[in-house]
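A short worksheet on the structure shown next.
Only the coordinates and a few stated rules stand behind these numbers; no lab work does. Every value quoted in this text rests on a predicted model; they were computed, and no experiment measured them. Neighbour counts run over all protein chains shown; Cβ positions are idealised from the backbone, glycine included.
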């Protein structure tokens, strides 16, 4: 579907929001709020059985991508033609501070606003899915739960564990956490033990490089420093294969895709820009969940952006 008008966020705005570098250069598909009650605007999807809904909220198990026969995987045109699943990208979940810039506030969702956004998703019948489910759907047409959505968190911020996770747990929602390994254990960032707990509880851990350098600038050993070593670190922490990647700043180039494939990635996530027609699995779209958005505005943006 067509994207709504968006605003290109600057690196300077994001730098003022975060201690370490974070995702920027994203398009925030901000949408005007309507007077229609959220409960009315979000209705109309047929209900699934209680058992199916319960299972899907928990993140129904899907086949490991490595077990899907190559002959069963759809071509790029078929994958691109499938309806996109809404994917939200969050960064910091905390109240705004006086020093936060106007641009930085797009990446900082106040606690009460975040709670209302997650409650809206639950009340509206959304079911969180995880990357293996998305991969199976895109490559084979596997069934998804009603109103699927994926929640992702970038950059390892501690408030994702201390504030966001308890809200998701209330609704049995699962999420994907893209970890920047340089930040592990630093003040205001998650520890290795917290990352392992997220994984053990059924969330998915993905790679977000070592220290958030722009993939488009990688040369030589950068692939080892930014991808291979962080992947090994996360696999040691979780005891699981790391198969999914989020580009820093949402920026990518065609040269990056074979390098990611060589290093075990099966899919990668950008931000609000267009998908690559040749490799749609390595340019899966997300939108930033802006700190300025009410629950209704978030809902409108989901509907109009995917």
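Distance in nm between label sites at residue 119 and residue 102, each 7 Å beyond Cα in the beta-carbon direction?
3.0 nm
Arrange the following residues from fewest to most other Cβ atoms within 10 Å of their Cβ: 261, 174.
Neighbour counts put them in this order, fewest first: 261, 174.
Please state the shape class of the stretch 130-185: rounded when a/c is under 1.5, otherwise prolate if a/b exceeds b/c and oblate if not, all from the C-alpha gyration tensor.
Cα axes put the stretch 130-185 in the oblate bin.
Would you kindly state how much longer the chain becomes between residue 240 and residue 146 on full extension, computed as 0.36 nm times their sequence separation minus their alpha carbon distance, in nm to one decimal?
Answer, rounded to one decimal: 31.0 nm.
Using the Cα gyration tensor of the stretch 151-286, with a ≥ b ≥ c the square roots of its eigenvalues, what is the shape: rounded (a/c below 1.5), prolate (a/b larger than b/c) or oblate (neither)?
It comes out prolate by the Cα gyration axes.
What ranking, highest mean first, results for peptides 162-169, 245-252, 225-232 when packing means the other Cβ atoms within 10 Å averaged over each residue?
Per-residue mean Cβ counts within 10 Å order the peptides as 245-252, 225-232, 162-169.
Quote the Stokes-Einstein diffusion coefficient, in whole µm² s⁻¹, for the stretch 162-211, based on the Kirkwood radius over alpha carbon pairs, a temperature of 37 °C and a viscosity of 0.692 mPa s.
288 µm²/s
May I ask what percent, to the nearest 5, of DSSP beta bridges between residues of the stretch 133-268 are antiparallel?
10 percent
For an R0 of 45 angstrom, estimate the FRET efficiency from the Cβ-Cβ distance between residue 222 and residue 304 and round to the nearest 0.05.
0.75
Can you tell me how the stretch 111-208 classifies by the Cα gyration tensor, rounded, prolate or oblate, using a/c under 1.5 as the rounded cut?
oblate
Applying a 10 Å radius around every beta-carbon, put 298-306, 136-144 in order of their mean neighbour count, most first.
The peptides rank, most packed first, as 298-306, 136-144.
Roughly how many Å is it from the Cα centre of the stretch 114-131 to that of the stretch 146-194, as a whole number?
One Cα centre to the other: 15 Å.
Note down the relative contact order for the stretch 249-306 as a percent, whole number, built from C-alpha pairs under 8 angstrom at least six residues apart.
Numbers: 48 pairs, mean separation 14.8, N = 58.
About 25 percent, as a whole number.
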